[in-house]
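Only one structure is covered here, and it is reproduced in the block below.
The values are calculated or read from the model by the stated rules, or taken from the named source; none is laboratory data. What you are looking at is a predicted structure, and each value in this text was computed from that prediction instead of being measured. With ideal geometry, Cβ positions are generated from the backbone for all residues, glycine too; neighbour counts draw on all protein chains shown.
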Amino acid sequence: MSAAANESNIEYIDWNNAFETLRKAYQLGIFVLIIGPKGTGKTTLVRKFASEINKQLSSVNFSLRTRESHLIGTNTIDNGQINFVNGILVHSMTQGDMLYLDELNAAEPDVLLRLDEALDDRRQIVLKEFHGQTIKANQDWFVIGTINPLSHVGTKELPPQILSRFPIRIMLDYPPEETELEIIRKHVNLGSASVEDSIRSAIKLASNLRRAASLEEIFYSPSLRETIAYSKLVATGTNAKVAAEIVFANVYHQWGEVEYRKVMDIIASIFI
């Protein structure tokens, strides 16, 4: 959990016009929820948008270990003096940063309760940890949350009151196959036509696996990171079928030989 500086060199292809929705929401001061599976570029989208509008980005990645103190802050003793060190939430509110709440539906109920206090229309929070001081958010404060589908480990249904704090919702799924190839080109020098053909086959494979995972026929859905990793291997000389097994198939050993064989059969049908 940290405050991250703006980055101007982030590569992101806005294939579903998400930037326009985010800009409008920011102008109107309406908080945004981005919904989608892992590896679809949710974090990259948020980082790029923060850079585009020149906003400092404060980020929290939620898990079972995220505590109220991470958001609110803690008391410290310095030369006998009790001081309060702001957490990420309070820091972003006072500074008017963009607050990025990543994997919000992995947060614990007590953490969501404190967030709800800050996210309502008053945009303020009472520091019961420090003399009951009331913190009001800077007028430029803006919040974006992301959630993964409930099929993801560690996620849970968000309470209705939290959902209502994010009236603008963007669905970010995996991009069309041609767009995925364009994204890969941003990261990998494809070189020859044969390499590009192999990468197109890998994108087709990834699409098939994602579709199967969405229907709960297999346990795992490969992300954009995996097609990029595959492309880097093939572009530097790794055999296409071997790279597919390394990147796409081997992870399924976690669920046993039957699952692994299902994926290898798909690979064999694509990489002849």
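The residue list Ser207, Ser192 contains one member that is within 30 Å of Val251 (Cα to Cα), outside the structural domain of Met93 (by TED's automatic domain parsing), of a type in the set (Ser, Thr, Tyr) and modelled with pLDDT of 95 or more, which is Ser207. At least 2 residues being assigned by TED's automatic domain parsing to the domain that holds Ile35 and over 21 Å from Ala25 (Cβ atoms) is the threshold, and among the helices (runs of 4 or more DSSP H) wholly inside the range 76-168 those reaching it are 88-95, 109-119. The single condition among (1) surrounded by fewer than 18 Cβ atoms within 10 Å (Cβ to Cβ); (2) closer than 30 Å to Leu209 by Cα; (3) not acidic (Asp, Glu) that Gly41 does not meet is (1).
Only residues that are aliphatic (A, V, I, L, M) and within 25 Å of Lys128 (Cβ to Cβ) were counted in the range 37-88, giving 8.
Here Glu178 passes the criteria (1) assigned to a loop (DSSP other than H, G, I, E, B); (2) out of contact with any Ser or Thr (no Cβ under 6 Å at 6 or more places or on another chain); (3) under 30 Å from Ile272 (Cβ atoms) except the one numbered (1).
When each of Arg47, Arg65 is tested for being free of Cβ contacts under 8 Å to residues at least 40 places away in the same chain and of a type outside the set (A, V, I, L, M), the lone residue that passes is Arg65.
The lone criterion from (1) more than 22 Å from Ser63 (Cα to Cα); (2) of a type outside the set (S, T, N, Q); (3) touching a residue at least 12 places away in the same chain (Cβ under 8 Å); (4) out of contact with any helix residue (DSSP H, G or I) (no Cβ under 7 Å at 6 or more places or on another chain) left unmet by His131 is number (3).
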